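For reference, the structure discussed in these notes is given below.
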Amino acid sequence: MEDKIYWVAVNLVKGIGAVRLRALLDYFGDLKTAWNAPADALMQAGLSEKVAARLVEVRSTKDLQKMAEWIEKHDIQVFTWNDENYPAILKEIDQPPPVLYVRGKILPEDNRAAAVVGTRKVTAYGRQVTEEIIHHLVQNGFTVVSGLARGVDGIAHQAALQDGGRTLAVLGCGVEQVYPAEHMKLAEQIIGSGALISDYAPGTKPDAANFPPRNRIISGLSQVTIVIEAGETSGALITATFAVEQGRDVMAVPGSIYAPQCKGTNRLISQGAFPYTGPASLENLLNLSPKKRQSAQQKVKPENEIEAGLVQVMGTSQSMHIDELVAASGLGIEKISAALTMMELRGLVNHEGGMVYSLREPGELYVTEPDE
C-alpha cells in the first residue's frame, strides 16, 4: 500500500485523469515523486497552472498514512495499472481508469463478462427477460456486470447470485458506500460472490454527475452490453454508447413501440444493435461453442418419440413453421402443437412468434434415442 497510496492521493486531485496521470509518470518516473514535486515542476510535466495549484492544495490537507489505514480498515483493495490483478479486459479500452477501488474479489474468469443494464422503471416483461438472460449468461460461465441501481441493475445482480454466478457492481460513489440504500444487503451478497468497484476515491458521495462517467467502466469490463429496457434519455444508452466506442458488442431487447421504456432499446436496434429474440440469439452473439452449450444444458432431452422426431427434423434448419413440421414429420398438428408447448416450457425449443420454432441448441445436440 506504500506506493499505491500516492496513486490514491493523485486520484483525489480534480482535473487529473488517465492522460495527465500518465504524463506525471512519464516525467517523474513514479507518483511519489510527482506528489511531492513543486508546482513549477508539475507544470513542466504537463499540468496546467490551475491543476498544479490544486494538487499542492490537496497535498497540504491530506495525511496519507491515515488515509492508508482507513482504506485497509474498510477492507478496500486498490488496483492500479501496474497490478497484475487489474482487469485485463478493462485495460484494453482507451484511457482505462488509473485506479480502481474494490470490495470483494476480481478473478481472472471475470474477464469473461457481460453487462446487463436498463431502466429503473422496469416492467414485468423487462424483469422476465432480464432473469432469462442472466440465467443463460451464468450457465455459460459469464460474470454479470451492472451498476447496482434500482430496476434492471438490481434484478440482474440478484438473478446472477440466485443462479450461483458471479457479479460485479460498478458504483458512482466510494465503494464503502451503497447507493441506493435499499441495496445494502444486495451489495454485501455481491461482495461475497464478486465485487463492488469504483474509480471514485473512498469518501466520494453519490452524485448525479458521477454516474454517466462510471458507465464506461461497466461496458469496459464486458464483452457485450445488453440493454433490457431504456427510455430515450436512459443512462443505459450512455453505457451502450461507451460500448460502441470501445469496440464492444451491444444487444438490446425489442419492445412495444408505444411503451416509453422501449423507445431507447428499439432505437438501438434501428441503429445496428443486435436484437435479443431469445437465448439462441444471445448464444450466437457470444459465439458459444456447441460443446459449452451442451455442457450447460445436457439434461434437457426429448422425453418421447414425438419430441425426438421433432428434434431430428428441426436439426436440419435454423427455424421452421409448424406447418413445415407437420409435413416433415407426418404427425397431426394437435400432437405437434402439444409437444412443442412442452418442449418450449422445458427449454428445448424457442417459439420465435408466428408459429415458427427453432431448437434452443441447433444441430445434433439433442438428437438422442428416447428411453424405452
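Any read-out appearing in this document is the output of simple, stated calculations on the displayed coordinates, not a laboratory observation. Just so we're clear, the structure is a prediction, and the values are computed from it rather than from any experiment. Counting neighbours? That spans all protein chains shown, and the Cβs are built from the backbone with ideal geometry, glycine included.
Direction-averaged projected area, Cα convex hull, segment 67-176: 7.7 nm², rounded to one decimal.
When the inverse distances between all different Cα atoms of segment 108-286 are averaged and flipped, the Kirkwood radius reads 15.7 angstrom.
For the chain, the ratio of Cα radius of gyration to the globular rule of thumb 2.2 N^0.38 Å stands at 1.18. Extension gain for Asn82-Met184 works out to 33.6 nm (0.36 nm per residue, less the C-alpha to C-alpha distance). Note on Ala41 and Ala53: the extension gain reaches 3.2 nm, defined as 0.36 nm multiplied by sequence separation minus the Cα-Cα distance.
Between amide H atoms placed 1.01 Å from N, distances below 5 Å from Val145 occur with Ala114, Ala115, Val116, Leu168, all of them 5 or more places distant or on a separate chain. Only one residue of Pro98, Ile197, Met320 has its Cα farthest out toward the positive end of the dipole of the chain, where Lys and Arg carry +1 and Asp and Glu -1 on Cβ, and that residue is Pro98. The calculated pair-distance distribution of segment 207-279 uses every alpha carbon pair, bins of 10 angstrom beginning at 0, and gives 22, 52, 24, 2 percent.
Relative contact order (percent) for segment 1-54, with alpha-carbon contacts under 8 angstrom and 6 or more residues of separation? Computed value for segment 1-54: 36 percent relative contact order. Bridges between two residues of the chain, per DSSP, are antiparallel at a rate of about 40%. Taking every alpha-carbon pair within segment 1-63, the share separated by more than 19 Å comes to 15 percent.
Charge dipole (Cα centre; +1 on Lys/Arg Cβ, -1 on Asp/Glu Cβ; no other charges) of segment 1-63 amounts to roughly 240 debye.
Of the residues Thr277, Gln177, Ala236, the one whose Cα sits farthest towards the positive end of the charge dipole of segment 150-293 is Thr277 (charges of +1 on Lys and Arg Cβ, -1 on Asp and Glu Cβ, taken about the Cα centre). With each label modelled as a point 7 angstrom along the Cα→C-beta vector, the Ser60-Thr277 pair spans 6.5 nm. Using the Cβ-Cβ distance between Glu245 and Glu324 with R0 = 51 Å, the FRET efficiency computed as 1/(1 + (r/R0)^6) comes to roughly 0.75. The phi torsions of segment 349-355, fed into the Karplus equation with coefficients 6.51, -1.76 and 1.60 and a -60° offset, translate into couplings of 10, 9, 9, 8, x, x, 6 Hz, rounded to whole numbers, with Gly and Pro shown as x. Under the convention that each Lys and Arg Cβ holds +1 and each Asp and Glu Cβ holds -1, the size of the dipole of the chain around its Cα centre is about 1280 debye. Applying 0.36 nm per residue to the separation of Lys121 and Glu334 and subtracting their alpha-carbon distance, the gain on full extension is 72.7 nm.
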